[in-house]
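I have placed the structure first, in the form of structure tokens, so that the comments after it can refer back to it.
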Amino acid sequence: MSICSIRQGGYGRSVEPEVQVEVTDSHIVVKEPEMPPKKMRWKDLISVDVETNSLGPYVPDVLWVLRSDDSRVVIPQGAEGEEELLTRLQVLPGFDNDAFIESMGSTSDATFAVWSKG
């Protein structure tokens with residue numbers, strides 16, 4: 001089950017706890033059931049967005065979108081390990097806490113740019 005299929009609907013329960021985020025000094029690793037782990041190196045990270053939608057509460061309605069030059073990792077709010085991810089993201093130079101706070105109040109389809117490299 002992938003985040004892409006979840007976002008398209010068809011699941012009648014919350015899936016956030018099934019997604020695990022592992023934060024290390026060098027990588028972010030996202031594990032979903034029945035999917036190969038997705039890995040991104042911190043040094044390759046170029047942007048972080050928070051995407052919101054009006055599909056909740058049974059479908060993830062707040063998503064972290066982490067991008068590098070050649071990949072994209074999507075993590076639903078509430079995933080196991082998300083607190084550690086947020087803690088690490090907030091120390092990135094230029095992380096926009098105001099945009100993050102604004103995203104947490106959104107109930108519509110929106111994208112909030114919370115960090116970009118240089």
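The values are calculated or read from the model by the stated rules, or taken from the named source; none is laboratory data. A quick note: this is a predicted structure, and the numbers were derived from the prediction, not measured. Quick reminder, even Gly has a Cβ in these numbers, built from the backbone with ideal geometry, and neighbours come from all protein chains shown.
Of the residues that make up the stretch 90-97, is at least one hydrophobic (A, V, I, L, M, F, W, C) and surrounded by 18 or more Cβ atoms within 10 Å (Cβ to Cβ)?
So in the stretch 90-97, the residues hydrophobic (A, V, I, L, M, F, W, C) come out as 91-92, 95.
After this cut, where a residue has to be surrounded by 18 or more Cβ atoms within 10 Å (Cβ to Cβ) as well, the list is none.
Within the stretch 90-97, not a single residue is hydrophobic (A, V, I, L, M, F, W, C) and surrounded by 18 or more Cβ atoms within 10 Å (Cβ to Cβ).
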Residue pairs qualifying under the 7 Å Cβ cut-off, at least six apart or on distinct chains, with the first in the stretch 98-113 being more than 13 Å from L63 (Cα to Cα) and without any contact (Cβ under 8 Å) to a residue 40 or more places away in the chain and the second being surrounded by 11 or more Cβ atoms within 10 Å (Cβ to Cβ) and of a type outside the set (D, E, K, R), are E102/F112
When the stretch 29-64 is checked residue by residue, the ones that are surrounded by fewer than 17 Cβ atoms within 10 Å (Cβ to Cβ), free of Cβ contacts under 8 Å to residues at least 60 places away in the same chain and part of a strand (DSSP E or B) are V29, K39, R41
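With the structure loaded, tell me whether R67 is modelled with pLDDT of 95 or more, among the charged types (D, E, K, R), under 14 Å from the mean Cα position of the chain (by Cα) and farther than 18 Å from I101 by Cβ or whether it fails that test. It would help to see each step written out before you state the result.
Working: modelled with pLDDT of 95 or more: yes; among the charged types (D, E, K, R): yes; under 14 Å from the mean Cα position of the chain (by Cα): yes; farther than 18 Å from I101 by Cβ: yes.
Judged against the criteria, R67 is a match.
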Note: among V23, V62, just one is modelled with pLDDT of 95 or more and hydrophobic (A, V, I, L, M, F, W, C), namely V23
